[in-house]
Structures are given as C-alpha cells and as structure tokens.
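The values are calculated or read from the model by the stated rules, or taken from the named source; none is laboratory data. Not measured: the values here are computed from a predicted model. As a convention, Cβ positions derive from the backbone with ideal geometry for all residues, glycine included, and neighbour counts pool all protein chains shown. Ligands, DNA and RNA are stripped out before the accessible areas are found, and what is left, the full protein with its side chains, is counted by its heavy atoms. Shrake-Rupley method; radii C 1.70, N 1.55, O 1.52, S 1.80 Å.
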Amino acid sequence: MTRIAIVQEPPVFLDREKTIEKAVQLVRDAAHKGAELVVFSEAFIPGYPTWIWRLKPGGDWGLSEQLHGRLLDNSVQLGSDQLRPLLDVAKEMRVTIVCGIEERDGDTSRTTLYNSVLTISLDGTVQNCHRKLMPTNPERMVWGFGDASGLKVVDTPVGRVGSLVCWENYMPLARYAMFAQGIDIYIAPTYDSGDRWIRTLQHIAREGGCWVLGAGNVLRGGDLPDDFPDFDRLYPDKEEWINSGDSVVISPDGEIAAGPLRKETGLLLADIDVGAVNAARRSLDIVGHYARPDIFSLQVNIQQQRPVTFNE
C-alpha cells in the first residue's frame, strides 16, 4: 500500500514566498504521517485568480489590471531559485510532490502566465512541467495556452503519475494521451467542485482503470489579504466559502476511497494499492485490448511551441 496526501489548504493569497513556506510545512506534516506522494491544487502558488469569476470584463478593467499585476509579480519563474525551498523539502523528506503554480514565461515576453503543474521528484528536481492546454472561459484573460511538451506520465516510486488540470479533464483526447502512457495515479488539480465534478472524476477512474486524485481549491472570504482591492464589494462576507474544496480519492473501479473533503481544510490521507490498476484493466483496457488500433489512432504534437524564433 502507498500512502498519498492531498493538501486542501488555502495559500497565503498572492504572496509567493509565504505560500511556498506554507507548502514546505504542509509537505513535512504529510511526510510525518507517512505520505510518499503529496498533492497540491490548481495554481496553489500563489493562488487561483478567483476574482475573474466576479469582475465585469469592461466595467472592472482597471481593477482586473491591478490584480493581474499582483499575480504576475508573485508568479513563479522556472529556472530561478524561487521554488528552491519546495525542491529541497522533497529531497529532505523523500517524497514526490505534485503542485500547481502560476508560471511566468521567462524566455520570450516574460509577462505571459501559464497555469502549470509541476511534478517534483524525491531527489529535489522538477521531473515534469505541464501547462494547462486550454484555459476555461475568463481564464483566457489570465493564462496563455499550453502545449503537449509536458503532457507526460512519469515514473515515480509510488507509480506512474500524470496530471490534467481542471476542465482539461473534459478533453477526451487529452485523457486518452495520459491513459496511453500507462498511468497509475491520475491527478486532477482543480478549481471546480461539487457532486457533478466528483462524478466526472469517478468516470475517469473507471474509464482509465487508474487511481484518480482530485485536488480541490479551498478558499473563504477571510483567506483573502486585507489589502485586496474592492474587497467589500466583491467578497462582503468573510465567512463565505468561495470554493468548498471537495478533494477526493477514487479507486480504479470508480468508487470513492476517501473524501470528499468539503468546506473544511486539512490533509486528505489515503492508502492506495497501485496494483489494483492491473485488476481494473483485465476487463476494460481502453488503450490495450479495447483500443482497436486498426480503426482509431491518436497523434499528439509533443514539440514545444514558441511564438518567436531567432536565426543567429
């Protein structure tokens, strides 16, 4: 059995350094409780831009720019030392970490953000970075479009791990690309919640014959910083559950094994048997004996797309 931990805690909203400090402590807490895999939610560092669902595209333009600027300033630039504490704690505690971040492009414009999920190995290195392929609705005013260069399933001590973010999980071809790489533990960091979302994850688990970990955002009005602009208009009730979380662990037969953790914070711990994947696929293996490659095929462009190239 492998113990996993899903972290359902709010970030220190719009504060990269303090959120990373909090994440480091949460990893230690989970590891002390026996977790070998620790999972954080979508855009945990420095927080999901929840305001996009309440602001008006035209009337709130100035406020949107102000908040986006703070988000940009607190985003993560890979290749820098900003994530060093999180990488170090993975190595110190010998755990695999999957964590959502606001990633800032460091190669071209240096101002485009991506909704990214990192897989950090227990030697303290970034094993994979997946950028969300298609931001959802108003998210397209925040994040650029990812590519398939990070659409990977990677080997870890707990099994073969991969991630799709939030409504990417409604993209059948993206799911199939993950299934076709022999995924054991399918991780779905998300801002979505509720019973319909949980049923979606149950379907994915049954479809792919894999463990599904739904890592939900949890946030109350009081978790926003005191200097959040126009706070009283947008979030007048500090006790309001802006997002209820609903982190959940689902077994390869589609049954809920732990959770959902709803309207509460904490660590959702579960002991999972990765070997159950083999049993689930005996009767239904949609990329194996059920695939019909003589009829269907999937081609994925895994080359990283760049908006500008230079000839030197």
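Taking a point 7 Å out from the Cα of residue 53 in the direction of its Cβ, the residues of segment 125-152 whose backbone N falls within less than 18 Å of it are 134-143.
Applying a threshold of 29 Å to the alpha-carbon distances of 22/132; 56/152; 152/238; 33/238 flags 56/152; 152/238; 33/238 as lying beyond it. Its relative contact order, with pairs defined as Cα atoms under 8 Å and 6+ residues apart, puts the chain at 19 percent.
In the assembled protein chains, residue 92 presents an accessible area of approximately 100 Å² (probe radius 1.4 Å). Note that the chain presents 45 Å² accessible area per residue, ligands and nucleic acids not counted, probe 1.4 Å. According to the Cα-based calculation, Rg over Rh for segment 172-252 is 1.15, with Rh computed by the Kirkwood formula. In straight-distance terms, cross-link reach from residue 91 covers every one of the aspartates and glutamates whose alpha-carbon lies under 15 Å from its own, apart from those fewer than eight places away in the same chain; here that gives 29, 36, 123.
Quick one: work out Rg over Rh on the C-alpha atoms of segment 119-191, Rh as Kirkwood radius. Result: Rg/Rh = 0.98. Using a 1.4 Å probe on the protein heavy atoms, what percent of the accessible area of the chain belongs to carbon and sulfur? Its accessible area is 48 percent carbon and sulfur atoms. When the residues 73, 60 are ordered by accessible surface, computed with a 1.4 Å probe over the protein chains alone, the sequence from largest down reads 73, 60.
Each of 65, 102 has its accessible area taken with a 1.4 Å probe; listed largest first, they run 65, 102. A simple count of charges around residue 49, restricted to other residues whose Cβ falls under 10 Å of its Cβ and scoring Lys, Arg +1 and Asp, Glu -1, yields -1.
Global dimensions of segment 1-144 from alpha-carbon coordinates: Rg and Dmax equal 15.6, 53 Å.
Extension gain for residue 290 to residue 265 (0.36 nm times residue separation, less C-alpha to C-alpha distance): 5.0 nm.
In terms of the mean number of neighbouring beta-carbon atoms within 10 Å, the peptides 199-206, 272-279, 113-120, 33-40 order highest first as 113-120, 33-40, 199-206, 272-279.
Computed log10 I(q)/I(0) for the chain at 0.09, 0.14 Å⁻¹: -0.43, -1.06, from the Debye equation with unit scatterers placed on every C-alpha and solvent omitted.
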